[in-house]
Amino acid sequence: MCGIVGYIGNKKASSVLLKGLFDLEYRGYDSAGIKLQGEEVYKAAGPVKNLEKKLHKNSPSQVGIAHTRWATHGPPVEKNAHPHSGTKRNVWLVHNGIIENYKSIKEELEKKGCVFISDTDSEVLAQLIEVLFEESGSLEQAVRSALARVEGAYGIVVSSEKEPDVLIAARMGSPLLLGIGEGEYIVASDAAAVLKYTKDILYLEDGELAVITKDSHRVMCTNGKELQKDIVRIDHDIEVVQKDGFEHYMEKEIMEAPEVILNTIRGRILPNGEDVRLGGLEDVHEDLRDTTRIHIVGCGSAYYAGLYGKYVLEKFAGIPVDVDYASEFRYRNPVLQKGEIVLAVSQSGETADTLEAIREAKRKGILTLGVVNSVGSSIARETDAGVYNHAGPEISVASTKAFISQMVALLLIAVYIGRLRSLSKADAKEVLDEIKNLPDKISEILQTSASIKKLAEKYKDYKDFLYIGRKYNFPIALEGALKLKEVSYIHAEGYGAGEMKHGPLAMIDKNFPVLAIAPKDSVYEKMISNTEEIRSRNGKVIIVSDVSSGIGEDEILVPSTLEQTSPILNLIPLQLFAYYVSLAKGLDVDRPRNLAKSVTVE
Ligand code: G6P
C-alpha cells in the first residue's frame with residue numbers, strides 16, 4: 001500500500017525517484033508526487049506516467065522524496081497526492097499507513113493557524129512536524145516529538161528546505177528500508193526501488209528512525225536512543241523483476257510456475273527421495289513433532305493457500321489445523337494453547353493483519369512460523385522460524401506464481417512434519433516423487449494456453465461465475481474465483497461442490513456459467529453428479545480434469561497426478577483463464593482498480 005522513495009546523494013534525484021516510483025507502482029497507483037529540494041512540488045492524479053509528463057527532469061537537485069498512493073483517506077485526486085507539507089511549506093513528507101488520531105491533532109493545528117489543503121491524514125503529520133520544527137529548530141527533534149503524538153501506522157520520509165542535506169525516515173507498522181550506496185542513500189518501501197543502485201540494505205524496524213545525509217546514517221529509537229543495525233546483502237538482481245518480453249507481469253509470472261516450483265524444492269528433497277530438509281525449521285523440529293494444533297493465518301490468496309495447507313498437513317502430518325483470515329484471528333480471542341503453533345502465509349511478508357496476527361500469537365507465548373516469499377520482510381524477521389518460497393519478486397497485483405510456491409512449500413512442510421511423526425517412507429516418497437514431476441506437467445498445461453485464451457474470449461461477457469471443487473480442490477475453487485474477480489471485475493464465487501444444493505444452485509441458469517474442478521480422484525463421482533445437477537438446470541459447465549467426461553459445455557484437460565498435488569496443476573488453467581478474460585476485456589491486468597499488491601494498512 002503506497003510506495004515511498006527518498007534519495008540523497010550525488011545523482012539527479014528526479015531520475016532516481018521517478019524510476020523508484022515506477023518500480024513501486026504495484027503498491028498503489030491512485031496518484032503520485034515528487035518534491036525535490038529547492039524546487040516546487042510535482043503531483044499528478046493517476047499512475048506515475050502522468051507525473052512523469054509534468055516533472056522537471058533536468059533539475060540538478062540531488063535530494064528529494066516521492067510517493068505513489070493507494071488512497072485511504074480522501075479520493076485519488078491531485079490535492080491528496082503526496083508529498084504533503086506544512087502551511088509554510090518548509091517541511092515535506094511522504095507517508096504510507098494511517099494516522100488514526102489525525103482528527104484531534106488537525107483541530108488543534110487549525111486553532112494554531114495551520115491551513116489544510118488535502119483530505120488526508122498524512123497532511124496532519126506534515127503540519128505537526130512543521131509546527132514542532134519551528135519550536136525546536138531541529139528537524140530530527142521535531143519528527144521524534146511528532147511521532148510520539150501520533151497513533152496508527154506509518155512509514156515516512158521527511159525533508160525540509162531549512163535542513164536541505166538531511167532526510168529523516170521512520171517506521172511503525174509500514175515497511176521501510178535504506179539502500180546504502182557509494183555516497184548515496186535510497187530510502188524505500190521495498191527493495192525493488194533500490195536494487196538498481198545497491199544491494200546493501202538496512203531494514204528499519206517498528207519504532208526506529210534514521211537520520212540520513214549523503215554519506216552517513218544514524219539509526220535510533222524514536223526516543224533518541226542510538227542503535228547499531230546490521231546491513232543485509234540482497235542477492236537477487238533487478239532483471240528478475242522485469243517483464244522479459246511478456247506483455248504483462250501476470251502472464252510472465254504464470255509462465256514462470258515450472259521454474260518457481262524447482263526453486264521452491266531446490267535442495268529440500270533429500271537424495272533418498274523420502275525425506276525433506278527445511279533449514280529454516282531445523283531449530284524447531286521438536287516443537288513441530290510434538291505440536292497438537294497448527295493455526296494458519298493469511299489474507300487473500302495466501303489464506304486460500306493456507307486452506308490447501310490444512311488438507312495436506314492433516315493428511316501427511318496428522319495434525320489438526322485451523323485456518324483463519326489474519327484480520328479475523330487478530331480481533332477475536334483465538335484460543336491458543338501451549339504446544340500449538342501459528343503459521344503465517346504471506347507473499348510480501350508485510351501484510352498488516354498477518355503481521356499483527358503473528359505478534360498476537362507471540363504475546364501469548366506461541367511458536368510462530370512463516371511461509372514467506374519476500375526475503376528480509378517483516379514477517380520473515382519476526383517469526384521464530386520458517387520457510388522461504390523462493391518464488392522471486394512478484395509484481396502483478398494478483399498473486400499467481402507466489403500462490404503456487406506457497407502450496408508447494410506447505411506440502412513440503414506437511415511431509416517434513418509427517419516424517420517426524422508417523423508418515424511412512426513409502427508414502428513420503430510417493431508424494432515427493434510427484435512434486436518433482438510437477439514442473440514438466442505444468443509446462444504441458446502452459447502449452448495449451450491458446451485454447452484457454454479462446455475460452456476466455458467466449459466467456460468474457462458473462463456477469464457471474466461459479467467455481468466449484470471438493471476436497472483438495474476446494475481451496476482452488478475459491479482461489480480461481482478470486483483471480484477472476486480481481487483482474488476481470490466479473491462477479492465470481494467459489495464453493496464446495498457439496499454445498500451447491502444448499503443455496504447456490506438456485507442462481508444457476510444459462511447466464512451463470514460454472515467452472516468445475518473435477519480430477520479423477522476420490523471424489524470424482526460426486527463432482528460429476530454435482531455437475532449433472534447444474535447441467536439439468538441449463539447451467540453451462542467448464543470442466544477442468546485429467547479425464548474427458550464429455551459432460552461439460554467446455555473442457556480443459558490437464559495431466560494426471562496425485563490427488564494431493566492435483567490443485568497445483570488445476571490452478572494453472574484458472575490463472576490463465578482469469579488473465580485472458582482481463583486481456584479480452586481490455587483491462588489493466590497487472591494493476592486492477594482499487595487494489596494494491598502489499599496491504600500494509602488494516
Ligand atoms: C493483496 C494482494 C493479494 C495477496 C494478499 C495477501 O490483497 O493483492 O494477491 O494474496 O494481499 O498478501 P501477502 O503479501 O500477505 O501474501
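Each value in this text was obtained by applying a stated rule to the coordinates, not by laboratory testing. Here the structure is a predicted model, which is why all the values come from computation and not from measurement. Neighbour counts run over all protein chains shown; Cβ positions are idealised from the backbone, glycine included.
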Under 18 Å Cα-Cα from K57, which lysines qualify once same-chain neighbours fewer than 8 residues away are excluded?
-> K11, K12, K19, K35, K43, K49
Please label the shape of segment 270-409 as rounded, prolate or oblate, based on the square roots a ≥ b ≥ c of the eigenvalues of the alpha-carbon gyration tensor (a/c under 1.5 means rounded; beyond that, a/b larger than b/c means prolate, else oblate).
-> rounded
Report, in degrees rounded to the nearest 10, the 0 to 90 angle that the Cα long axis of helix 300-312 makes with the longest principal axis of the chain.
-> 40 degrees
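Hey, with R₀ at 22 Å, roughly what FRET efficiency would D464 and D588 work out to, going by the Cβ-Cβ distance, to 0.05? List each step's numbers first, then the result.
Details: r = 22 Å, r/R0 = 1.00.
Plugging the Cβ-Cβ distance into 1/(1 + (r/R0)^6) gives 0.50.
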Extended-chain gain in nm, criterion 0.36 nm per residue less alpha-carbon gap, D119 and R218 | 32.3 nm
Note the angle between two axes, namely the Cα long axis of helix 401-420 and the longest principal axis of the Cα atoms of the chain, as a number of degrees from 0 to 90, rounded to the nearest 10.
-> 70 degrees
In degrees, nearest 10, range 0 to 90: what is the angle between the Cα axis of helix 474-488 and the longest Cα principal axis of the chain?
-> 50 degrees
Fraction of antiparallel bridges per DSSP, the chain only, in percent to nearest 5 | 60 percent
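For a distance above 25 Å, tell me the whole-number percent of Cα pairs in segment 195-317 that qualify.
Numbers: 4226 of 7503 pairs.
Roughly 56 percent, rounded to a whole number.
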Below 17 Å Cα-Cα, how many Lys pairs turn up in segment 326-463? Only count pairs eight or more apart in sequence, or on different chains, if you could.
-> 5
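With a Förster radius of 41 Å, plug the Cβ-Cβ distance of R149 and F246 into 1/(1 + (r/R0)^6) and report the FRET value to the nearest 0.05.
On the way: r = 47 Å, r/R0 = 1.15.
Calculated value: 0.30.
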Using just the C-alpha positions of the chain as equal point scatterers, what log10 of I(q)/I(0) does the Debye formula give at each q in 0.08, 0.10 1/Å?
-> -0.58, -0.88
Going by a ≥ b ≥ c, the root eigenvalues of the Cα gyration tensor, does segment 23-102 fall in the rounded group (a/c under 1.5), the prolate group (a/b larger than b/c) or the oblate group?
-> oblate
Site K11, offset 7 angstrom along Cα→Cβ, radius 19 Å on amide nitrogen, limited to segment 170-190, gives 177-190
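Could you give the length gained by full extension between E161 and K429, i.e. 0.36 nm per residue of separation minus their alpha carbon distance, to one decimal place?
Values: separation 268, 0.36 × 268 = 96.48 nm, distance 6.46 nm.
Computed gain between E161 and K429 is 90.0 nm.
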How much mean residue ellipticity at 222 nm does the chain get from its helices, if each DSSP H run of length 4 or more adds -39500 (n - 2.57) and you divide by all residues, to the nearest 500 deg cm²/dmol?
-> -10500 deg cm²/dmol
Candidate lysines for bridging to K501, where Cα separation is under 20 Å - those fewer than 8 sequence places away on the same chain excluded = K471, K510, K526, K540
Enumerate the residues in segment 362-398 having an amide nitrogen under 20 Å from the point lying 7 Å beyond the Cα of K229 toward its Cβ.
-> 374-383
Along principal axes, Cα extents of segment 93-168, largest first, whole Å = 31, 26, 22
Work out how far the C-alpha atoms of segment 377-527 reach from end to end along every principal axis, then list the three figures in whole Å, largest first.
-> 50, 38, 33
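Report the convex hull volume per residue for segment 428-472, counting only C-alpha atoms, in Å³.
Numbers: hull volume 3.9 nm³, N = 45.
Once divided by residue count, the hull of segment 428-472 is 86 Å³.
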Can you bin segment 534-591 into rounded, prolate or oblate? Criterion: square roots of the alpha carbon gyration tensor eigenvalues sorted a ≥ b ≥ c, rounded for a/c under 1.5, prolate for a/b above b/c, oblate for the rest.
-> oblate
Dipole moment magnitude, nearest 20 debye, segment 479-526 about Cα centre, only Lys, Arg, Asp, Glu C-beta charged = 100 debye
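Can you give the FRET efficiency for T292 and M507, using 1/(1 + (r/R0)^6), R0 = 30 Å, r = Cβ-Cβ distance, to the nearest 0.05?
Efficiency, from the Cβ-Cβ distance: 0.15.
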